[in-house]
Amino acid sequence: MKRLIPICAVTITAFTFSQCTKYEDMENTYPQSTTSIGALTALLAQNAPSIQQFTFNAASGGYFIGSGGAQISINPNAFLYPNNTAVTGSVDLKVQEVYNKKDMICSGAFTTSAGRPLISGGEINVTAWQGNTKLKLANNNSVNVSLPAGSSQPAPMFEFRAPRFNGNTDFIPVNVTTPMTTSTDSAGNWVYQFALDSLDWTNCDQYMGMPNPTEFSVPLPSVFDNNNTMVFITSPTSQFASRVWYWEAQLHSYVCGYYRLPIGETFTFTAVSEINGNFYYDSREVEITEDIMVSMYPQPISQAQLMQNIGNL
């Protein structure tokens with residue numbers, strides 16, 4: 001595998017000499033002070049899919065249908081307390097469903113695994129609580145889930161898990177040799193079916209083809225950095241969304257880290273920023289070439305238009 005920094009350093013050095021005049025010409029269009037990324041994070045969180053709550057008796061179990069179509073079947077006595085004793089009384093089930101790129105970006109449930117893009121057939125986060133106590137499963141078949149897959153037979157998907165999303169957390173494959181079970185529901189629509197082995201995120205995914213993986217970098221004008229800017233990568237043809245986490249201060253660029261993209265495929269790079277209460281945005285659809293550099297120049301945008309644009313990715 002090629003080393004990241006030498007390649008990126010050569011690429012960005014060439015960029016610096018060829019593009020510095022353009023950046024200098026633009027500096028007067030940007031504010032000179034920056035604020036934290038907190039307002040941008042809050043805006044995305046406000047537009048994330050809602051966390052739904054269902055309450056039932058632990059001894060009885062239950063069956064619930066989420067607002068996005070997820071079906072959740074809970075066996076009697078399905079949960080344990082942290083000390084491994086059986087849960088009694090009322091239980092609150094919390095559910096978050098994710099089916100499109102906007103929801104992936106706003107919830108932070110990015111579809112990557114070990115540096116590779118994942119094409120998603122749907123994601124769901126299921127947790128169980130009694131008061132402030134987070135519960136765990138009594139066994140691996142205690143909770144069964146079906147996610148909607150459309151009116152025609154879906155492509156094979158595999159099961160991936162993520163205990164949480166923080167920093168560059170990825171999905172971890174549970175089984176990439178046997179596809180998830182698919183069937184039709186009472187309305188004749190297809191669903192993915194699986195049992196939970198833990199209470200966390202589950203993703204119905206398949207790996208994106210990576211015949212010729214390459215590195216990438218995203219240079220930004222000097223006012224934009226990892227304190228006020230996020231960079232996302234999405235696919236215009238499939239349900240894939242990722243965030244670029246690695247900031248190289250010396251190169252003033254987001255860089256790929258251990259992530260790679262396939263040469264010859266088309267992706268959309270999107271930069272979103274918040275500076276002094278104002279939002280900025282740039283988005284560019286590009287065909288991936290070897291060691292590609294995608295220069296971004298975010299421009300002012302309203303909150304409403306920003307969220308509309310993210311919804312259209």
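Coordinate-derived values only; no laboratory data. Here the structure is a predicted model, which means the values were calculated and not measured. Neighbour counts run over all protein chains shown; Cβ positions are idealised from the backbone, glycine included.
Observations on the model:
- The chain: most fluctuating residue of Val244, Val231, Val174 per GNM, C-alpha cutoff 10 Å: Val174
- Which label in (1) 71, 43, 32; (2) 73, 50, 35; (3) 69, 42, 38 gives the computed Cα extents along the principal axes in Å: (3)
- Residue exposure sequence - Asp92, Asp205, Asp225 - by fewest surrounding Cβ within 10 Å: Asp92, Asp225, Asp205
- Residue of Glu97, Glu287, Glu123 that the Gaussian network model of the chain assigns the largest fluctuation, springs spanning Cα pairs under 10 Å: Glu287
- Summarising the amide proton neighbourhood of Thr214: residues at separation of 5 or more, or on other chains, whose placed amide H is nearer than 5 Å comprise Leu261, Ile263.
- Under a model in which nothing but the beta-carbon of Lys, Arg (+1) and Asp, Glu (-1) is charged, region 49-207 shows a dipole of about 220 debye around its Cα centre.
- Taking every C-alpha pair closer than 8 Å and separated by at least 6 residues, the mean separation divided by the residue count of the chain gives a relative contact order of 19 percent.
- Here the peptides 102-113, 131-142 are ranked by packing, the mean other Cβ count within 10 Å, and the order with the highest first is 102-113, 131-142.
- Of Gly89, Gly209, Gly66, the one that fluctuates the most in a GNM where the chain has Cα springs shorter than 10 Å: Gly89
- Each residue of region 86-103 is assigned a 3J(HN,Hα), and the resulting list reads 5, 6, 10, x, 7, 10, 9, 9, 10, 9, 10, 10, 9, 10, 9, 5, 4, 5 Hz, derived from the Karplus form 6.51 cos²θ - 1.76 cosθ + 1.60 (θ = phi - 60°), x at Gly and Pro.
- In a simple Cβ point-charge model (Lys, Arg +1; Asp, Glu -1; nothing else charged), the chain has a dipole of about 620 debye relative to its Cα centre.
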